[in-house]
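Below: one structure, written as structure tokens.
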Amino acid sequence: MTPKRGRTGRCRKKKVLETSTVNQSQEWPYIQLMKWLKERGFRDKRLRAAHFPDTGRGLMTTEPVRPGELIISLPESCLLTTGTVLTSYLGQYIQGWRPPVSPLLALCTFLVLERYAGDRSSWKPYLDILPGAYDCPVYWAAETLNYLPDPVKQKALEQRSAVQEFYSSALPFFKSLNPLFPEILEKVLTYDAVRWAWCTVNTRTVYMKHAHRECFSAEQDVYAMAPYLDLLNHNAGVQVEAAFNEKNRCYEIRTMVPYKKYDQVFICYGHHDNQRLLLEYGFIAANNPHRSVYVTRDILLQYVSRRDKQLKKKWSLLKEHGFLENLTLGQDGPSWRLLTACRLLCLATDEFTYWKKVFLGSFVSESNERALGELVRKICLHLLEETSQAVAAISSRKYEKTADPHLVLVEALRQEEMKILIYSVNILENGDTGTI
């Protein structure tokens, strides 16, 4: 069976045959889900599950919605939290385990065990509509990661290591659950199962702060799985108010933008660039206003003069003032942070005393601006060449029978970077750095 894809179904695979929205509310899994939610106190006549050509599975309106109106109010009884886990068969094992497990591990363990229980699980209607796999880099083939830009590749490798460590460190706790399932490790709490649960929690939970319990580690307990609500897709341009209402004990989402009948309803996962959306959710957002290309420290050092006797001092100042991180080129060209860092690195020996003016955004000299423009242009051309080579390699690789389908995601990210870099080079060649 093909894994179901939901919340993370954005620029994943090119849509060829899908041209219209398909109402999914009468499909058996969604009928069962709505019946299950109704039994737990949820009522909704304004939204329906649907499949959209550009975003995949989501929720559409059945009537016009005005700004300020409530679109979802999900009772606490429908939420899956650590409180849910503690009141289950897992509660006694968690409370008796030392050192305390993390809230994340408690949720992941519960998800895996409930999924394994199948028809015996009271959460089956919800589990049945969850994706069977995810497109986060933790699921990717190792070779596919090599096509990513270096900063994203590094974070993807860190993510894979984090999940592997998460699983390894949990093995002693998993073994303590043998009374529940004799085959607990061999067939149930496998690495693949825990990876699925980790991605489920990471991509689908809403923020809901819970009071600390002694049976859990010191990590913040801020997770809540929200069935049905988590079908809402991301759009950076929408505004919503989302929070747990302590008075009526419901998790509520109120839209600040209007919708027509049969429109798809969106929420905003945050003002994230596509690198972060890819890492955390496994998709690329088309026309993302926060799209960007990252410039690493190594690339900066590659194009500054090593003969500069003040380079060490300049580097120290950039580090002290936080200008060695989040240096980017975006849809408007080089960011202010990148220009500031490069402007400081381009200060001539007799201009170094003006370093404070640079951090304040002040003009230093015409020669400094020319040097700045040339440095950033070299960086852009370097990244453009590297990106062009990656796109060409992906293009030839993705049509092979053994090619990883996730290459489509990497290609989309790389092509987006090419557009940003070409635009930035044009700006720099026109000498417009001072106007950005």
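The values are calculated or read from the model by the stated rules, or taken from the named source; none is laboratory data. The structure displayed is predicted, hence computed values, not measured ones. Cβ placement follows ideal geometry from the backbone for every residue including glycine, while neighbour counts extend to all protein chains displayed. Side chains are part of the model used for accessible areas, which takes the heavy atoms of the whole protein and leaves out ligands, DNA and RNA. Shrake-Rupley method; radii C 1.70, N 1.55, O 1.52, S 1.80 Å.
Scan the stretch 271-293 residue by residue and report those that are farther than 26 Å from Asn23 by Cβ, of a type outside the set (A, V, I, L, M), outside any helix (DSSP H, G or I) and touching an Asp or Glu at 6+ places or on another chain (Cβ under 9 Å).
His272, Asn288, His290, Arg291, Ser292
Of all residues in the stretch 198-213 being in a helix (DSSP H, G or I) and within 13 Å of Pro103 (Cα to Cα), which is nearest to the chain's Cα centre (by Cα)? Before you say what the answer is, go through the steps one by one.
So the first thing to find is which residues in the stretch 198-213 are in a helix (DSSP H, G or I), and the list is 198-204.
Within this subset, residues satisfying the condition of being within 13 Å of Pro103 (Cα to Cα) are 198, 201-202.
Working: Trp198: 13, Val201: 12, Asn202: 8 Å.
Step by step, filter the stretch 198-213, then rank; the result is Asn202.
What do you reckon, is Tyr116 open to solvent by less than 30 Å² (accessible area, probe 1.4 Å) and in contact with a helix residue (DSSP H, G or I) (Cβ under 7 Å, 6 or more places away or on another chain)?
Values: open to solvent by less than 30 Å² (accessible area, probe 1.4 Å): no; in contact with a helix residue (DSSP H, G or I) (Cβ under 7 Å, 6 or more places away or on another chain): yes.
In short, no.
Restricted to the stretch 257-266, and to residues that are in a loop (DSSP other than H, G, I, E, B) and within 19 Å of His51 (Cα to Cα), which residue is least open to solvent (accessible area, probe 1.4 Å)? Let's see the steps before the verdict.
The first filter runs over the stretch 257-266 and keeps only residues in a loop (DSSP other than H, G, I, E, B), leaving 257-258, 260-263.
From what's left, within 19 Å of His51 (Cα to Cα): 260-263.
Working: Lys260: 149, Lys261: 99, Tyr262: 137, Asp263: 52 Å².
This residue is Asp263.
Looking at (1) small (Gly, Ala, Ser); (2) farther than 22 Å from Asp308 by Cα; (3) without any contact (Cβ under 8 Å) to a residue 40 or more places away in the chain, which one does Gly322 not meet, given that it meets all the others?
Just one mismatch for Gly322, condition (2).
What pairs come up if the first residue lies in the stretch 179-195 and is without any contact (Cβ under 8 Å) to a residue 40 or more places away in the chain, the second is open to solvent by less than 50 Å² (accessible area, probe 1.4 Å) and in a helix (DSSP H, G or I), and their beta carbons are under 7 Å apart, counting only those six or more places apart or on different chains?
Between residues of the stretch 179-195 that are without any contact (Cβ under 8 Å) to a residue 40 or more places away in the chain and residues that are open to solvent by less than 50 Å² (accessible area, probe 1.4 Å) and in a helix (DSSP H, G or I), the close pairs are Ile184/Phe174; Leu185/Phe174; Tyr191/Tyr167.
Which is closer than 21 Å to Gln389 by Cα, at pLDDT 95 or above, outside any loop (DSSP other than H, G, I, E, B) and of a type in the set (S, T, N, Q), of Gln159, Gln154?
Gln154
Can you tell me which residues in the stretch 34-54 are farther than 20 Å from Arg249 by Cβ and hydrophobic (A, V, I, L, M, F, W, C)? First the steps, then the outcome.
Start the filter on the stretch 34-54 by keeping residues that are farther than 20 Å from Arg249 by Cβ, which leaves 34-35, 45-54.
Selection gives Met34, Leu47, Ala49, Ala50, Phe52.
Mind checking whether some residue in the stretch 69-76 is among the charged types (D, E, K, R), in contact with a strand residue (DSSP E or B) (Cβ under 8 Å, 6 or more places away or on another chain) and open to solvent by 10 Å² or more (accessible area, probe 1.4 Å)? Give the steps one after another, and end with the answer.
So in the stretch 69-76, the residues among the charged types (D, E, K, R) come out as 69, 76.
Add one more test, that the residue is in contact with a strand residue (DSSP E or B) (Cβ under 8 Å, 6 or more places away or on another chain), and what stays is 69, 76.
Still in the list and also open to solvent by 10 Å² or more (accessible area, probe 1.4 Å): 69, 76.
Within the stretch 69-76, one or more residues are among the charged types (D, E, K, R), in contact with a strand residue (DSSP E or B) (Cβ under 8 Å, 6 or more places away or on another chain) and open to solvent by 10 Å² or more (accessible area, probe 1.4 Å).
Would you point out which residue out of Leu375, Leu347, Leu339 is in a loop (DSSP other than H, G, I, E, B), touching a residue at least 24 places away in the same chain (Cβ under 8 Å) and buried (at least 21 other Cβ atoms within 10 Å of the Cβ)? Don't jump to the end; show me each part of the working.
Values: Leu375 fails: in a loop (DSSP other than H, G, I, E, B); Leu339 fails: in a loop (DSSP other than H, G, I, E, B).
None of the others qualify; the one that does is Leu347.
If a residue must be out of contact with any helix residue (DSSP H, G or I) (no Cβ under 9 Å at 6 or more places or on another chain) and buried (at least 17 other Cβ atoms within 10 Å of the Cβ), how many such residues does the stretch 267-323 contain?
So the answer is 2.
When the stretch 45-64 is examined, which residues are found to be loosely packed, with under 14 Cβ neighbours inside 10 Å and touching an Asp or Glu at 6+ places or on another chain (Cβ under 9 Å)? If you could, list the steps in order and put the result at the bottom.
Step one: of the stretch 45-64, the residues loosely packed, with under 14 Cβ neighbours inside 10 Å are 45, 53, 63-64.
Across the stretch 45-64, the qualifying residues are Lys45, Pro53, Pro64.
Quick check, is Ala141 farther than 22 Å from Tyr269 by Cα, at pLDDT below 95 and open to solvent by less than 60 Å² (accessible area, probe 1.4 Å)?
Details: farther than 22 Å from Tyr269 by Cα: yes; at pLDDT below 95: yes; open to solvent by less than 60 Å² (accessible area, probe 1.4 Å): yes.
Considered against the rule, which asks whether it is farther than 22 Å from Tyr269 by Cα, at pLDDT below 95 and open to solvent by less than 60 Å² (accessible area, probe 1.4 Å), Ala141 comes out as yes.
Restricting to the stretch 119-132, give me the number of residues that are open to solvent by 20 Å² or more (accessible area, probe 1.4 Å) and out of contact with any helix residue (DSSP H, G or I) (no Cβ under 6 Å at 6 or more places or on another chain).
So in the stretch 119-132, the residues open to solvent by 20 Å² or more (accessible area, probe 1.4 Å) come out as 119-120, 122, 124-125, 127-128, 132.
This time we only want the ones that are out of contact with any helix residue (DSSP H, G or I) (no Cβ under 6 Å at 6 or more places or on another chain), so: 119-120, 122, 124, 132.
Number satisfying all stated conditions: 5.
Have a look at Glu241, Glu252, Glu246 and point out the one that is touching a strand residue (DSSP E or B) at 6+ places or on another chain (Cβ under 9 Å), open to solvent by 50 Å² or more (accessible area, probe 1.4 Å) and among the acidic types (Asp, Glu). Break it down into steps so the answer makes sense when it comes.
Working: Glu252 fails: open to solvent by 50 Å² or more (accessible area, probe 1.4 Å); Glu246 fails: touching a strand residue (DSSP E or B) at 6+ places or on another chain (Cβ under 9 Å).
Result of the check over Glu241, Glu252, Glu246: Glu241.
If Phe174 meets every condition in (1) closer than 20 Å to Tyr281 by Cα; (2) part of a helix (DSSP H, G or I); (3) open to solvent by less than 50 Å² (accessible area, probe 1.4 Å) apart from one, which number is that one?
With respect to (1) closer than 20 Å to Tyr281 by Cα; (2) part of a helix (DSSP H, G or I); (3) open to solvent by less than 50 Å² (accessible area, probe 1.4 Å), Phe174 is out only on (1).
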